[in-house]
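The values are calculated or read from the model by the stated rules, or taken from the named source; none is laboratory data. Predicted model, so just to flag it, every value in this text is computed and none were measured. Cβ atoms come from the backbone with ideal geometry, glycine included; neighbour counts cover every protein chain shown.
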Amino acid sequence: MTDPSAPTGASAPTGPSEPIEPEPTGSEPEPTSSWSRLVALGALLFVATLAILLGLGAVAQGSGRGTASSESTPTPRAAQVTSAGPTMSQGAPSAPPSPSAKPAPSGDPVLIGAGDIAYCDRETDSETAALLAGQEGTVFTAGDNAYPDGTPEQFVDCYGSSWGRELARTRPAPGNHDHHTADLAGYLGYFGASAAPDGTAWYSYDLGSWHVIMLDATCDAAGGCSADSAQGRWLAADLASSDSVCTLAVWHEPRFSSGEHGNAAAVAPFWDALYAAGADLIVNGHDHDYERFAPQDPSGAADPGRGIREFVVGTGGAELRGFGAQAANSELRIAGIFGVIRLVLHPGAYEWSFVATSGVVPDAGLGKCH
């Protein structure tokens with residue numbers, strides 16, 4: 001008979017009650033042996049992970065040192081010469097470009113300078129003047145010293161505030177813009193006896209074992225450049241009286257040039273006299289660029305044995321220009337860079353370096369005297 005007090009759907013006990021084991025739960029501790037194995041396994045995993053992390057840290061640290069080392073060695077700045085932008089270079093440097101000019105060995109004189117220099121409304125002549133201040137030696141100019149007209153005021157206010165800081169060691173040459181003022185009054189008034197030690201705008205001096213000649217290439221204003229002109233006769237006599245092994249001449253308008261003005265035929269007599277006397281170097285301005293020529297004769301034919309090497313360095317501060325047709329024997333042409341040429345005049349040899357205002361030396365080399 002059914003017990004009316006029993007819950008509906010429940011079965012009545014059939015015997016004495018027994019204790020019921022509770023269901024195991026996740027919070028229940030494992031047996032001791034299992035717990036020990038778990039701890040050991042965890043420790044092993046921790047040690048292995050730590051070793052891996054330490055190894056990766058060492059690799060990362062070593063990689064960091066390598067990166068720092070590579071970053072501390074900059075890309076050679078001379079590569080800017082051939083990069084896109086305002087700089088244009090054609091040809092190849094005679095020696096690998098270096099980041100800065102090297103000092104001359106003791107006792108070997110340095111001649112440093114450029115042409116086409118000072119405008120009052122520009123700062124670029126001050127930038128090239130800063131290169132002079134950081135270099136030893138004699139400063140030269142290759143003409144067109146004070147733009148636009150070479151007046152006394154322009155020499156004092158424009159040239160004087162930049163390259164004029166090196167006035168005491170400067171040996172100048174005049175250019176066509178300096179001749180815009182009659183009788184070179186601004187030029188001669190500013191430079192004084194250093195520009196005309198014998199009363200003329202052409203003169204010479206010895207620098208170490210070298211003979212240096214400064215000429216006036218504005219031929220009409222100078223009374224001519226021909227062999228029978230006053231300047232031509234003086235040049236022949238000066239060369240004949242010199243016993244120097246090495247000779248260098250500076251004037252404004254280049255006989256050979258790939259620049260805007262091109263070749264100046266009027267100065268061919270200078271080349272004839274210098275070549276006959278065995279001269280070694282000529283430095284000009286007038287075209288506002290930098291160009292280096294291989295040794296050549298007065299006709300423009302390559303002559304590695306007796307030829308004269310010509311540099312055009314119209315990069316002293318006036319507005320820069322590009323090139324036209326490439327002249328024969330032109331070895332290197334650089335447009336868009338202000339700078340100066342630095343010549344180390346060794347006995348029987350010379351070094352050249354074109355030093356840009358950025359500190360780059362995009363051209364450098366070594367030559368021997370005849």
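Listing for the model above:
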item	result
Filter result (crowded, with 23+ Cβ neighbours inside 10 Å, part of a loop (DSSP other than H, G, I, E, B) and in contact with a strand residue (DSSP E or B) (Cβ under 9 Å, 6 or more places away or on another chain)) within the range 206-222	L215, A217
In the range 338-370, the residues that are crowded, with 18+ Cβ neighbours inside 10 Å and among the charged types (D, E, K, R)	R342, E351, D363
Positions within the range 134-189 being at positive phi and out of contact with any helix residue (DSSP H, G or I) (no Cβ under 7 Å at 6 or more places or on another chain), in sequence order	G137, D183
Residue selected from the range 124-161 under the condition of a type in the set (S, T, Y) and either out of contact with any Gly (no Cβ under 6 Å at 6 or more places or on another chain) or over 19 Å from G186 (Cβ atoms) (or both), by the criterion surrounded by the most Cβ atoms within 10 Å (Cβ to Cβ)	Y159
Yes/no for S194 being among the hydroxyl-bearing types (S, T, Y) and modelled with pLDDT under 95	no
Residue count, the range 223-237 (criterion: touching a helix residue (DSSP H, G or I) at 6+ places or on another chain (Cβ under 8 Å) and part of a helix (DSSP H, G or I))	4
Selection count, the range 162-199, where residues are surrounded by fewer than 16 Cβ atoms within 10 Å (Cβ to Cβ) and part of a loop (DSSP other than H, G, I, E, B)	3
The listed residue being free of Cβ contacts under 8 Å to residues at least 24 places away in the same chain, more than 15 Å from C369 (Cβ to Cβ) and crowded, with 21+ Cβ neighbours inside 10 Å, out of Y290, Y203	Y203
Scan of the range 263-287 for residues that are touching a residue at least 40 places away in the same chain (Cβ under 8 Å), assigned to a loop (DSSP other than H, G, I, E, B) and of a type outside the set (D, E, K, R), ordered by number	N263, A264, G278, A279, G285, H286
Single residue of the range 223-237 satisfying the filter (surrounded by 20 or more Cβ atoms within 10 Å (Cβ to Cβ) and not polar (S, T, N, Q)) that is farthest from the chain's Cα centre (by Cα)	G232
Any hit, the range 242-262, residues being outside any loop (DSSP other than H, G, I, E, B), surrounded by fewer than 16 Cβ atoms within 10 Å (Cβ to Cβ) and without any contact (Cβ under 8 Å) to a residue 60 or more places away in the chain	no
Cβ pairs under 7 Å, 6+ apart, first in the range 131-144 and among the charged types (D, E, K, R), second in a helix (DSSP H, G or I)	D144/D178
Cross-chain or 6+ apart pairs with Cβ under 7 Å, the range 176-199 first and over 11 Å from G150 (Cβ atoms), then of a type in the set (D, E, K, R)	S194/R171
Condition met for P304 (without any contact (Cβ under 8 Å) to a residue 24 or more places away in the chain and part of a loop (DSSP other than H, G, I, E, B))	yes
Within the range 121-166, tally of residues that are out of contact with any Phe, Trp or Tyr (no Cβ under 8 Å at 6 or more places or on another chain), among the hydrophobic types (A, V, I, L, M, F, W, C) and more than 18 Å from V250 (Cα to Cα)	3
G150 assigned to a loop (DSSP other than H, G, I, E, B) and modelled with pLDDT of 95 or more	yes
